[in-house]
Structures are given as structure tokens and as C-alpha cells.
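Asks: Got a structure for you, written out below as C-alpha cells; questions coming shortly.
The values are calculated or read from the model by the stated rules, or taken from the named source; none is laboratory data. Quick caveat: nothing in here was measured; it's all calculated off a predicted structure. Ideal geometry is used to build each Cβ from the backbone, glycine not excepted, and the neighbour counts take in all protein chains shown.
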Amino acid sequence: MVLSVNGSDDELRYLREGPWGDKENVAMVIGTYRYKALDDSFRVFEMLRRKDPELRLIVIGNEKQIPRYIKHNSAVVVKGLLARNEVIKLLRTTRIYISTTEIENSYNAASEGIFFAEESYISDIGPHRELLADMIYERISVAGVATPILRVKRSGVSPGRLKTWDQVIREMIKAI
């Protein structure tokens, strides 16, 4: 049996090139499917906004799946469905990434967030723990959110687990 990860070309390129442009005072959530637990992400955002009232939230995903109370909040900007390159472009200027997903089959979504944003708040689930092995993070509780949250600062992360798509493909060919 061979266990393969997804390639992380965008994150590795970003780490080589370094940040470009200033970070905006925004938090970002990507995905609006039910398992992404958007309500919990909004609770994390509200906690952060109590400390920083100017913070805004960008939500990327199907607008029909966003609860009205979130969609119509004056601090929320709904971007709808975007092409991957547009999502990466936004992530590169985002200060905070939030992902309270209940389940994932890999750590790729969280990987993009923790390497692009200055700070991330991600759910304490297996794939996220796998990504953060040997990295610095803090486990926190957020009122109204059942799953503990892992607070990660980009300064405490390492690309050690990341591979390029080329590396992933070469490993798969070698294993076959």
C-alpha cells in the first residue's frame, strides 16, 4: 500500500518568493459545504473581531449555502465561487485563515491557509494534526464551537512535510 499526499507547489513557491504586498485586515473562509462548519468559522471570526473591530471576513464558496445572518453581516464580503488562481491571490493578502471543517481527507486546504496567511485558526482534526506535526501551534477553545481549534502562526510553520507535484508523481511511479 502506498500513501500519497497532494502536491503543494503554490505554498512552496510562496515560501521561496516571500510575501508580496501588504496583508489586508481580513480573515478568510474557503468552502461553504455543510461539513466545512461555516457557523463555527463565523464564531471564530466573531471572537477575533472582538479584539479587532475593523477585521472583515471574506467567504469563498456557493452563496446559496451561506446562512443569511452571515451573508448579510456588514463585516462579511461574499466572493462566491472563484477559480483556484483567484483564491490563491486572495490568500496571499489575507491576514487570518479560518477553517473549522469537521472532516477532510487531506491537509491541503489547511496547508494553503497556514502558509499564506499570517495566522490561522483550524479545527483540531487528524489531517490538520498530521500537517502540524513538529510545528508550533496552540490549542484553544472558542465559545459555541464544539471542536477545539488550533491557532497557528506562520512564523511557527515549516514546509518539511510539503512536496511538489513532481516529487509526488516520481514517488508514485517508483512505488508502482
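Asks: Which one is surrounded by the most Cβ atoms within 10 Å (Cβ to Cβ), of the residues in region 8-63 that are assigned to a loop (DSSP other than H, G, I, E, B) and under 16 Å from the mean Cα position of the chain (by Cα)?
Replies: Looking at the filtered set, the residue picked out is 8.
Asks: Identify the residue in region 64-85 that is among the small types (Gly, Ala, Ser) and farther than 19 Å from residue 121 by Cα and, among all such residues, is surrounded by the fewest Cβ atoms within 10 Å (Cβ to Cβ).
Replies: Among those that are among the small types (Gly, Ala, Ser) and farther than 19 Å from residue 121 by Cα, it is 74.
Asks: Among the candidates 59, 87, 76, which residue alone is in contact with a Leu (Cβ under 7 Å, 6 or more places away or on another chain), free of Cβ contacts under 8 Å to residues at least 60 places away in the same chain and not hydroxyl-bearing (Ser, Thr, Tyr)?
Replies: 76
Asks: Which one of the conditions (1) crowded, with 18+ Cβ neighbours inside 10 Å; (2) at pLDDT below 95; (3) of a type outside the set (D, E, K, R) does residue 142 fail to meet, given that it meets all the rest?
Replies: All conditions pass for residue 142, except number (2).
Asks: Let me ask something else. Would you mind telling me which numbered condition in (1) surrounded by fewer than 19 Cβ atoms within 10 Å (Cβ to Cβ); (2) in contact (Cβ under 8 Å) with a residue 40 or more places away in the chain; (3) of a type in the set (A, V, I, L, M, F, W, C); (4) not in a helix (DSSP H, G or I) residue 98 fails?
Replies: The failed condition is (1).
Asks: Is there a residue being touching a helix residue (DSSP H, G or I) at 6+ places or on another chain (Cβ under 9 Å) and under 30 Å from residue 176 (Cβ atoms) anywhere in region 36-52?
Replies: No: zero hits.
Asks: Name the residues in region 115-133 that are outside any loop (DSSP other than H, G, I, E, B), touching a helix residue (DSSP H, G or I) at 6+ places or on another chain (Cβ under 6 Å) and either touching a residue at least 60 places away in the same chain (Cβ under 8 Å) or of a type outside the set (A, V, I, L, M) (or both), would you?
Replies: 115, 116, 120, 121, 128
Asks: To continue, here is another question. Given 136, 149, 88, which one is in contact with a helix residue (DSSP H, G or I) (Cβ under 9 Å, 6 or more places away or on another chain), among the β-branched types (Val, Ile, Thr) and exposed (fewer than 14 other Cβ atoms within 10 Å of the Cβ)?
Replies: 136
Asks: What tally of residues in region 134-146 results from selecting those that are free of Cβ contacts under 8 Å to residues at least 40 places away in the same chain and either of a type in the set (Lys, Arg) or touching a Phe, Trp or Tyr at 6+ places or on another chain (Cβ under 9 Å) (or both)?
Replies: The number of residues fulfilling the criteria is 2.
Asks: Pairs only if they're at least six apart or on different chains, beta carbon under 6 angstrom, first in region 147-160 and hydrophobic (A, V, I, L, M, F, W, C), second in a strand (DSSP E or B) and surrounded by 15 or more Cβ atoms within 10 Å (Cβ to Cβ); list them, first residue then second.
Replies: Hits for this filter: 149/121; 150/122; 152/120.
Asks: Mind checking which residues of region 64-85 are outside any strand (DSSP E or B), of a type in the set (D, E, K, R) and touching a strand residue (DSSP E or B) at 6+ places or on another chain (Cβ under 8 Å)?
Replies: Scanning region 64-85 gives a single hit, 71.
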